[in-house]
Structure formats: structure tokens, C-alpha cells
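S.K.: The structure under discussion is supplied below as C-alpha cells; questions concerning it will follow.
The values are calculated or read from the model by the stated rules, or taken from the named source; none is laboratory data. Since the structure is predicted, the reported quantities are computational estimates derived from the model, not experimental observations. Don't worry about glycine lacking a Cβ; one is built from the backbone with ideal geometry, like all the others, and counts go over all protein chains shown. Areas reflect the complete protein model, heavy atoms only, side chains present, ligands, DNA and RNA absent. Shrake-Rupley method; radii C 1.70, N 1.55, O 1.52, S 1.80 Å.
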Amino acid sequence: MDAARLESELREAGLKATRGRLGVLEVLTHHPHSDAETVFRSLFPMLPGTSIQNVHNVLGDLTAAGLLRRIEPAGSPARYERRVGDNHHHVVCTACGAVGDVDCVVGHAPCLDPSDAGGFAISTAEVTFWGLCPSCQARSERAHHDEGER
Ligand SMILES: [Zn+2]
Ligand SMILES: [Zn+2]
């Protein structure tokens, strides 16, 4: 990811290209759907002296500017990603919390129409699919197998 592109993305969004903001964008480019704690841990070696509070502030600024999307699967801290504005959905593992992207099968936002929106003008629909990720499936199959042999 070249820094010049990230810098111009920030400037176009009306934000100064600080090292903290560049660093957070860089981390989320490589690790989408990270929570603040994970971003902080990846950022710290690149930017010693940064704080978790600083990371929270940067994530808030970037989300408000539309450069990041914030998702909050139930039971998990807020996660952030750079893939914005395409109304994609998420699949979340009920066992380990792994998050994946699911392309919207229908198309543009809002891809789903409620039968009765109670007078609201609907702009987006956010669907969370829950299930077991491949590694958790493998783990539970192994566990079953082990039980069978006992
Ligand atoms: Zn899992
Ligand atoms: Zn996503």
C-alpha cells in the first residue's frame, strides 16, 4: 500500500495526514475487521508512543469521515474495515468470533426491503450471518471423532 495514496485519501476526506491516521489505515488494509485493541497492537511497533486512546480517536475520526466502516457483531467489540459504501454483509463465527465479508447477493443498498418500515426512509440493510468458520468446524469434527474413540 503506498503511503501517497493513503495521504491523498485522507486529504480528500478533509483530514490531515498524520502518522497515526496513516498507520491505522495501513493496518486495516492488511487486517480488515480488526478491533481497536488489535489495531493498537499492530500499530505500536510502527509508531511507538501511540496509545490505545489515540487509536480510538483516530478510528472515530476516520469512521466519521467515511473512510472506515464500523461493524458491531453482537458480543464482540466494534470492528473496523476499509471496505466502505458497498453494502456488503458479514459472516461471524459463533465459536471464535472470526469475521468474513459476504458480498451482497441482491445489489445496491438497501438490498432488503422490510415489509413495514414504520414510515422510515431506509438507506441500508446490514445482515450478519452466524455460523462456524472452517477451522472451528474442523475442530468440532475432531472433538466428535475423539469422543467416538473413547
Ligand atoms: Zn471460528
Ligand atoms: Zn467487511
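S.K.: Kirkwood Rh over alpha-carbon pairs of the range 45-150, then Stokes-Einstein at 4 °C and 1.567 mPa s: what D in µm² s⁻¹, rounded to an integer?
M.R.: On the way: Rh = 16.9 Å.
It comes out at roughly 77 µm²/s.
S.K.: Moving to a separate point now. State the three equivalent ellipsoid semi-axes of the range 104-150, derived from the C-alpha gyration tensor as the square roots of 5 times its eigenvalues, in descending order and whole Å.
M.R.: Values: eigenvalues 352, 26, 9 Å².
Working through the eigenvalues yields semi-axes of 42, 11, 7 Å.
S.K.: Now for a separate question. Based on the Kirkwood radius over alpha-carbon pairs, what is the Stokes-Einstein translational diffusion coefficient of the range 71-120 at 20 °C with 1.002 mPa s viscosity, in µm²/s?
M.R.: Translational D for this selection: 167 µm²/s.
S.K.: Anyone know which of Asp61, Asp113, Asp86 comes out most mobile in the 10 Å Cα GNM of the chain?
M.R.: Asp113
S.K.: Something else now. Taking the Cα centre of the range 10-131 as origin and charging only Cβ (+1 Lys, Arg; -1 Asp, Glu), how large is the dipole, in debye to the nearest 20?
M.R.: Values: 10 positive and 13 negative charges, 123 e Å.
Here the range 10-131 has a charge dipole of around 600 debye.
S.K.: Looking at the range 17-150, what % of its DSSP beta bridges pair antiparallel, to the nearest 5?
M.R.: Here the antiparallel bridges make up roughly 70 percent for the range 17-150.
S.K.: Further question on the same structure: Given all pairs of different Cα atoms, what value in angstroms does the Kirkwood hydrodynamic radius of the range 12-107 take?
M.R.: About 13.9 Å, per the Kirkwood formula over Cα pairs.
S.K.: To two decimal places, what compactness ratio does the range 42-86 give when its Cα radius of gyration is scaled by 2.2 N^0.38 Å?
M.R.: That ratio works out to 1.26.
S.K.: Would you tell me the accessible area of Ile52, worked out with a 1.4 angstrom probe on the heavy atoms of the protein chains, in Å² to the nearest 10?
M.R.: 60 Å²
S.K.: Under a 10 Å cutoff between Cα atoms, tell me which one of Leu59, Leu112, Leu68 has the largest fluctuation in the Gaussian network model of the chain.
M.R.: The residue that fluctuates most here is Leu112.
S.K.: If the only charges are +1 at each Lys and Arg Cβ and -1 at each Asp and Glu Cβ, what is the size of the charge dipole of the range 1-78 around the Cα centre, to the nearest 20 debye?
M.R.: Once rounded to the nearest 20, the dipole reads 120 debye.
S.K.: Right, something else. Return a whole-number percent for the relative contact order of the range 3-150, with Cα pairs under 8 Å and 6 or more residues apart as the contact set.
M.R.: Computed value for the range 3-150: 17 percent relative contact order.
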